[in-house]
Each structure stands twice: as structure tokens, then as C-alpha cells.
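Notes follow the structure.
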Amino acid sequence: MPARKKKEPELLVGGIKPYQAKKGEKYMNQKQLDHFMAMLQGWKAELQGEIDRTIHHMQEEATTEADPNDRASLETDISLELRSRDREGKLVKKINEAIDRIDEGEYGYCESCGVEIGIQRLEARPTAELCIDCKTLDEIREKQMG
């Protein structure tokens, strides 16, 4: 029987492997903070690269199309691209805020109730500011407010 190949863990945002917590390990110790800092910085670099590529691409595509249909199509493409990059720009801002929380020693704790957000939740959403309970309550309030 052939030897079973060990399955490699999926990479997280920023190309980082999931954190393997050790039993009895203190929450948000220096290793964990370094892990999330690398994750956030890698993700930010990826997004910044996309934003830079878009700007470069738009500068190259700045030629005026003679055909109105071609011009309209190009303008639609540019509009979609700009909306996408705007969302990424907002995400870069959230990443910067998360990096600031690491620097201030507040990363990994709910901004509303102060409990631990949790390693798994932070790996799924490294910019999380609320624990799952507070986030759920927040979403319920949003739905009720319309």
C-alpha cells in the first residue's frame, strides 16, 4: 500500500499557513501577533499590487475610442474596475486599522464586550473587530433597522 501523502494546510490571506496553537498557549502571545501581522501585511501587499496594476492599466487604456459602442464598453469596464478597487481601498483601510490594533495591544479582543475573538475567526476574517456574539447581535439590529 502506498504511503499516504500528508495534506498540506490551505494558505490563508497573505499566503500564510494557518496558525497551530499549542495546548495551554496564552492568547495573543507574540507568536500569534507576529502570525497575524504577517497575514495582514501580506494581504495588504496583494491588494496594493492590484490597485497599482489597475492604475497602470487605466493609464495605458486612456486612448479615446472612435466607435461609440467601443467607448461605452471601455467606460463600463473602467467603472466596474474602479468600484472594485474602491472596495479594495476600503479593505486596505480596515487592514491598517487591524495593524494599528496589533501595535496598540488591542488586536484579537472584541471592541464591544472585550472578550477574545478567537484564532479561527481571526484567520477567517483578520480584520474582525467584534466577537461572533456581538457581530450576530449587530447584524440582527441592522436587519431590524432596515
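Checking Tyr109 against (1) open to solvent by less than 50 Å² (accessible area, probe 1.4 Å); (2) in contact (Cβ under 8 Å) with a residue 40 or more places away in the chain, which single condition isn't satisfied?
(1)
I'd like to know if segment 43-63 contains one or more residues that are in contact (Cβ under 8 Å) with a residue 60 or more places away in the chain and open to solvent by less than 90 Å² (accessible area, probe 1.4 Å).
Yes: segment 43-63 contains one or more residues that are in contact (Cβ under 8 Å) with a residue 60 or more places away in the chain and open to solvent by less than 90 Å² (accessible area, probe 1.4 Å).
Could you tell me how many of the residues in segment 98-138 are farther than 26 Å from Lys44 by Cα and either within 17 Å of the chain's Cα centre (by Cα) or of a type in the set (Asp, Glu) (or both)?
2
Any residue that is under 24 Å from Ile132 (Cα atoms), open to solvent by less than 60 Å² (accessible area, probe 1.4 Å), part of a loop (DSSP other than H, G, I, E, B) and in contact (Cβ under 8 Å) with a residue 60 or more places away in the chain - is there at least one of those in segment 89-99?
Checked against the condition, which is being under 24 Å from Ile132 (Cα atoms), open to solvent by less than 60 Å² (accessible area, probe 1.4 Å), part of a loop (DSSP other than H, G, I, E, B) and in contact (Cβ under 8 Å) with a residue 60 or more places away in the chain, segment 89-99 yields no hits at all.
The values are calculated or read from the model by the stated rules, or taken from the named source; none is laboratory data. Keep in mind it's a predicted model, so treat the numbers as computed, not measured. Cβ coordinates were reconstructed from backbone atoms using ideal geometry, including for glycine residues, and neighbour counts include every protein chain displayed. Remember, those area values only see protein heavy atoms, side chains included, never the ligands or the DNA or RNA. Shrake-Rupley method; radii C 1.70, N 1.55, O 1.52, S 1.80 Å.
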